[in-house]
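The structure appears below as structure tokens.
The values are calculated or read from the model by the stated rules, or taken from the named source; none is laboratory data. It should be emphasised that the depicted structure is a prediction, and the values quoted were computed from it without experimental measurement. Note that each Cβ is placed from the backbone with ideal geometry, even for glycine, and that neighbours are counted across all protein chains shown.
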Amino acid sequence: MPPSKLTPLQEIEARRAASAAEKPKRVISEEEKAKRRERVAKAKDALARSVGAKGEQVAPARAALKQYLQRLNEPKQPDDEQFEALIEAPFKLPQRKKSNDRRF
């Protein structure tokens, strides 16, 4: 009886399972969990408050907040300063460009 061959899909799954078994699990401390919960609550609050907001800055800022919430499990997260800017972005008016055009 010949040995059974794996299909390409089965080979990929076997490799992925083997590499996942070799990876050490990331341990998240209680302090990190509390910080993460607080950030999620702030981000969701900012999204809820910005629903009726108007302005050209609102849509991109809301998209950035949604993307932050989608990528919570990724290891690289914004620092506190970047996160605060992310939360305040929908409510800050963009700075107007000053023009040198002096027409009367």
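When you check Arg62 against the structure, is it over 24 Å from Ile28 (Cβ atoms), surrounded by 10 or more Cβ atoms within 10 Å (Cβ to Cβ) and either touching a residue at least 60 places away in the same chain (Cβ under 8 Å) or not small (Gly, Ala, Ser) (or both), yes or no? So Arg62 fits the description; yes. Cβ separations smaller than 7 Å between residues 6+ apart or across chains give the following pairs from region 73-84 residues that are surrounded by 11 or more Cβ atoms within 10 Å (Cβ to Cβ) to residues that are modelled with pLDDT under 90: Pro78/Leu86. Scanning region 64-81 for residues that are at pLDDT 90 or above and among the polar types (S, T, N, Q) turns up Gln67, Gln70. When region 85-97 is limited to residues that are free of Cβ contacts under 8 Å to residues at least 12 places away in the same chain and of a type outside the set (D, E, K, R), the one that is farthest from Ile28 (Cα to Cα) turns out to be Gln95. Scanning region 72-92 for residues that are farther than 15 Å from Ala41 by Cβ and not acidic (Asp, Glu) gives Asn73, Pro75, Lys76, Gln77, Pro78, Gln82, Ala85, Ala89, Pro90, Phe91, Lys92. The listed residues are Lys76, Lys92, Lys42, and the only one of them that is among the basic types (Lys, Arg) and within 12 Å of the chain's Cα centre (by Cα) turns out to be Lys76. For region 42-53, a tally of residues being modelled with pLDDT under 85 and of a type outside the set (A, V, I, L, M) returns 1.
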